[in-house]
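The values are calculated or read from the model by the stated rules, or taken from the named source; none is laboratory data. Note that the structure is a prediction, hence the values are computed from the model and not measured. Note: ideal-geometry Cβ built from the backbone for every residue, glycine included; neighbour counts use all protein chains shown. In case anyone asks, the SASA skips ligands and DNA or RNA and just uses the protein heavy atoms, side chains included. Shrake-Rupley method; radii C 1.70, N 1.55, O 1.52, S 1.80 Å.
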Amino acid sequence: MHDSILGFFTRIFAAIGKGIGWLIYWLAWPFMALGRWFVRRGWIARGIVGGLLVLFVGLYIYFLWQTQVWTGFNPDYVQAYDIERQGAAPGEQMPAAAGQQAQSCAPSAIAEVAADLTDFNVNQNAWITSMIFYKLGFFGLDWDDTPFFDNKASFQRGVNQAVRRTTVELVDTLGRVRGTSQIDNDLQKARENMQFSEDAWYFGLNPFGPKTPTPSFYRSAISSLRSFNTRLESCQATFDARADNLIQYLDRIAGDLGSTSAILRERSENHNGGWLDTRADDRFWFAYGQLYGYYGLLHAARIDFNGVIAQRSLGPLWDQTESQFRAALNITPFIISNGREAGWIMPTHLATMGFYILRARSNLVELREVLDR
């Protein structure tokens, strides 16, 4: 009896070892074939192929490095925008300092934060989604379908979603006087550039031919947003800091977060794979990036709409709303798990993130209701 049990487990481990061996052989076969071809060629062919191989390995190392290093990431980044505007809304003149004749107008904190978040995505860091090795995937498998090297890309897309939504609101309502059809050219350019495809590289197949990569469009949007703020400071642009505009902006943010919450719920309820759910990390880090972006933009909205918020006595409620966003940014697990809610080994990080999103969204709805009274 003892020998039969021992033999059973011996066969199981032998089969597992054989399977691992075949997997390693499958992964190593292209490199072994290339090595055999390489040693049979002359020095010129070896030099060309060797140079290309070194370039390939170097770019791949750069890609892996960029996916793991999050330059400039700081959940408390909003503290850098705690500035005194002396009660002036964007585009309104601020009191001149003692002994100075010239007066300047206040810039928009929302436009500033939107530009800085995009700068964080494409200048302080590489834009992962449009990198050629991200597009090629892991041996043809989409990186989003793997449990590694895609977290930063999902986070960046979440931040980008918040900025995209904001540029639309800047064009439609915030950056022009209500009742007029005139659209600010800088804001229009920023919106158009931020709506560009997130995964464009220097060359594409559909349509076939060379392309302008995504980061170039986003950098143009940064320039347009900063140009708009420069014109605001020189009192040559418009920012309509009215209560109804703030209500609409909060509605858009709440709707955006509601959509993300539904995506998290669907994944959490229908794909309980624990640590083996390879798409759970994409959903989690997209939601995290979205909250990261909206946290700064809400803080900026408080600066731009300070007069409205003070008039409606919304300060404490607004502080509470921001604290809900900040609390969600404390959730940074090493491995994202999508287990059952009643599970005791593999937690469900998606349900946890969904809870924080709904809590923040409920505060936004309450802010909107108070403003609408």
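Each Lys or Arg adds one and each Asp or Glu takes one away; over the other residues whose Cβ falls under 12 Å from the Cβ of A153, this sums to -4. In segment 292-338, the ratio of gyration radius to Kirkwood radius, Rg to Rh, stands at 1.15 when only Cα atoms are counted.
Computed across segment 205-269, the Kirkwood hydrodynamic radius from all distinct Cα-Cα pairs reaches 16.0 Å. A probe of 1.4 angstrom, applied to the heavy atoms of all protein chains, finds L297 with accessible area near 0 square angstrom. Orientation-averaged projection of segment 103-169 equals 5.8 nm² [convex hull of Cα atoms, one quarter of hull surface area]. Set the Förster distance to 22 Å, then compute FRET efficiency between D244 and V365 from the Cβ-Cβ distance, nearest 0.05. My answer for the efficiency is 0.85. In segment 191-315, the convex hull through the Cα atoms has an average projected area of 11.6 nm², a quarter of its surface area. Taking the Kirkwood radius as Rh and the Cα radius of gyration as Rg, segment 136-267 has a ratio of Rg/Rh equal to 1.05. Please work out whether segment 248-373 counts as rounded, prolate or oblate from its C-alpha gyration tensor, where a ≥ b ≥ c are the square roots of the eigenvalues and a/c under 1.5 means rounded, while otherwise a/b larger than b/c means prolate and anything else oblate? Prolate is the answer for segment 248-373, as a/c is 1.5 or above and a/b outweighs b/c.
The aspartates and glutamates whose alpha-carbon is closer than 16 Å to the alpha-carbon of K135, local same-chain residues fewer than 8 away aside, are D144, D145, D150, E198, D199, D282. For segment 230-373, the solvent-accessible area works out to 44 Å² per residue, with a probe of 1.4 Å and every protein chain left in place.
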